[in-house]
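Notes follow the structure.
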């Protein structure tokens, strides 16, 4: 092996060790002539991707066709070229990761999409209307989406049933002052929506430069991209969403992956579609004819990025680069709402309707169901942490299971019903029930260790957002008259 090839492998090894969460990264470069190790011309193409598992680059020809080549088969000059690109990717990814994980909560379930907040934070475990509330501000309309926090801005979605509008709201992070309110859609509200759903339930996502939001109206689902000042940059053509069997409304949040934004709409003629973030043009589409409400998640598990989703009495894994099915196995139940979680080489899902089941599945492509139980976490997601699964069932019973074996470590009734998902900060879990009680307890597999119970308002469906030593809560209260939503900032 030549010296540059050895150096290249050292760089790649460091890349793998430092960025173990990244399977590949895609970027665009100029077209060039690529040569092999004997200086013979291989291809006229541009670099579009690098895969750490195979130590290979993906090159795109002028006609759009792509080829994958192992880096050590390239000429020394081309190896140097790839090395420079990968170093830039690594530096850029690290910078993005630092900003996203330390201070921001850019999308559903946080920077790592698993409900685990950035480490090293100091946030309160107790609060009330007069204790540890930095500010509070009224939120117009009704919605169950969670706060998204990027920089000094907080973003929410809401819907006004009387005015028939669906909007994106923006607040100042330091004061709670409303900054702007952008109506995205007017009219066409579904006549039938489940009592636990709203016309603004999906959480939006932020790439740092753009906001991506999806609303269901006019018997369709439409994705919109906005800048951070509320200007609409583009909107997709509305995709049909006309469920016949269960007219419960729409729920899945948008999902960002590389330079795409992914939208899910599962009903009798359902789909998952990936769009280009800059243009809104479709990249790939998956047919998903089933009734379900889950938001998919992309996890790096079993050596690759996998788009994971439950529903239709199965758990499915797709390649998020192209939508190709990686594996699928029969598990959980027909309808699910929660987002899957993962730990080591296992993935976990729970539902739902018409039966109850939580399942652990190997993500290596075998489809092996490792363990199941008859617990239902229907609307809420679970939490995987240090070899254990923490969950709260619909009726308010908290559980801890061994992730590998499914052994029940403890079970305690805390109080339901539950729709909000858990968030972990350090070794402490925060999870609310629908009555507005937020339970704070330790991620302790030996016993249920409650720290506190806190209540603001009499309703909470949105999941807490915790970043930058702050907790953001979207609550509602009907005790003094008409229902009013409030956004709280909690901090020491």
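The values are calculated or read from the model by the stated rules, or taken from the named source; none is laboratory data. Quick caveat, the model's predicted, so the values are computed rather than measured. Note that we place each Cβ from the backbone using ideal geometry, even for glycine, and neighbour counts take in every protein chain shown.
Quick check: anything in region 202-215 at pLDDT below 95, surrounded by 22 or more Cβ atoms within 10 Å (Cβ to Cβ), assigned by TED's automatic domain parsing to the domain that holds residue 286 and over 26 Å from residue 324 (Cα atoms)? So far as region 202-215 goes, no, none of its residues is at pLDDT below 95, surrounded by 22 or more Cβ atoms within 10 Å (Cβ to Cβ), assigned by TED's automatic domain parsing to the domain that holds residue 286 and over 26 Å from residue 324 (Cα atoms).
For region 229-244, the criterion of being under 26 Å from residue 489 (Cα atoms) and under 21 Å from the mean Cα position of the chain (by Cα) is met by no residue.
So, in region 464-487, exactly how many residues are part of a loop (DSSP other than H, G, I, E, B) and touching a residue at least 24 places away in the same chain (Cβ under 8 Å)?
Of the residues in region 464-487, the ones part of a loop (DSSP other than H, G, I, E, B) are 464, 468-469, 478-483.
From what is left, the residues that are touching a residue at least 24 places away in the same chain (Cβ under 8 Å) are 464, 468-469, 483.
Of the residues in region 464-487, 4 are part of a loop (DSSP other than H, G, I, E, B) and touching a residue at least 24 places away in the same chain (Cβ under 8 Å).
Being buried (at least 16 other Cβ atoms within 10 Å of the Cβ) and more than 22 Å from residue 114 (Cβ to Cβ) narrows it down to one of 416, 468, 481, so name that one. Before the answer, list the steps.
Numbers: 468 fails: more than 22 Å from residue 114 (Cβ to Cβ); 481 fails: buried (at least 16 other Cβ atoms within 10 Å of the Cβ).
Only one candidate passes the filter, namely 416.
Please count how many residues of region 219-249 are part of a loop (DSSP other than H, G, I, E, B) and buried (at least 16 other Cβ atoms within 10 Å of the Cβ). Break it down stepwise before answering.
So in region 219-249, the residues part of a loop (DSSP other than H, G, I, E, B) come out as 219, 228-231, 236-238, 241-249.
In the following step, the residues that additionally are buried (at least 16 other Cβ atoms within 10 Å of the Cβ) were identified as 228, 230, 236, 238, 241, 243, 246, 248-249.
Matching residues across region 219-249 total 9.
Here are 376, 355, 330, 404: which of them is touching a residue at least 60 places away in the same chain (Cβ under 8 Å) and over 17 Å from the mean Cα position of the chain (by Cα)? Among 376, 355, 330, 404, only 404 is touching a residue at least 60 places away in the same chain (Cβ under 8 Å) and over 17 Å from the mean Cα position of the chain (by Cα). Being closer than 18 Å to residue 380 by Cβ, touching a residue at least 24 places away in the same chain (Cβ under 8 Å) and not in a loop (DSSP other than H, G, I, E, B) is a condition met by at least one residue of region 256-272.
Would you check if residue 399 is assigned by TED's automatic domain parsing to the domain that holds residue 345, under 19 Å from residue 339 (Cβ atoms), outside any loop (DSSP other than H, G, I, E, B) and in contact (Cβ under 8 Å) with a residue 24 or more places away in the chain? Spelling it out, residue 399 is indeed assigned by TED's automatic domain parsing to the domain that holds residue 345, under 19 Å from residue 339 (Cβ atoms), outside any loop (DSSP other than H, G, I, E, B) and in contact (Cβ under 8 Å) with a residue 24 or more places away in the chain.
Among the residues in region 152-164, are any part of a strand (DSSP E or B) and surrounded by fewer than 14 Cβ atoms within 10 Å (Cβ to Cβ)? Spell out how you get there, then give the answer.
Narrowing region 152-164 to residues part of a strand (DSSP E or B): 153-160.
Going one step further and asking which of them are surrounded by fewer than 14 Cβ atoms within 10 Å (Cβ to Cβ), we end up with none.
For region 152-164, residues part of a strand (DSSP E or B) and surrounded by fewer than 14 Cβ atoms within 10 Å (Cβ to Cβ): absent.
Just checking, how many residues over region 325-377 are crowded, with 23+ Cβ neighbours inside 10 Å, part of a strand (DSSP E or B) and modelled with pLDDT under 95? Residues that pass the stated criteria total 2.
Table: residues versus (1) part of a loop (DSSP other than H, G, I, E, B); (2) in the same structural domain as residue 203 (by TED's automatic domain parsing); (3) touching a residue at least 40 places away in the same chain (Cβ under 8 Å); (4) under 23 Å from residue 172 (Cα atoms).
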| residue | (1), (2), (3), (4) |
| --- | --- |
| 384 | no, yes, yes, no |
| 411 | no, yes, no, no |
| 441 | no, yes, yes, no |
| 445 | yes, yes, yes, no |
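Checking each residue in region 447-463 for being touching a strand residue (DSSP E or B) at 6+ places or on another chain (Cβ under 7 Å), assigned to a loop (DSSP other than H, G, I, E, B) and farther than 16 Å from residue 425 by Cα picks out 447, 448, 456, 457, 458, 460, 462.
Among the residues making up region 182-200, those that are touching a strand residue (DSSP E or B) at 6+ places or on another chain (Cβ under 8 Å) and touching a residue at least 40 places away in the same chain (Cβ under 8 Å) are 182, 184, 190, 198, 199, 200.
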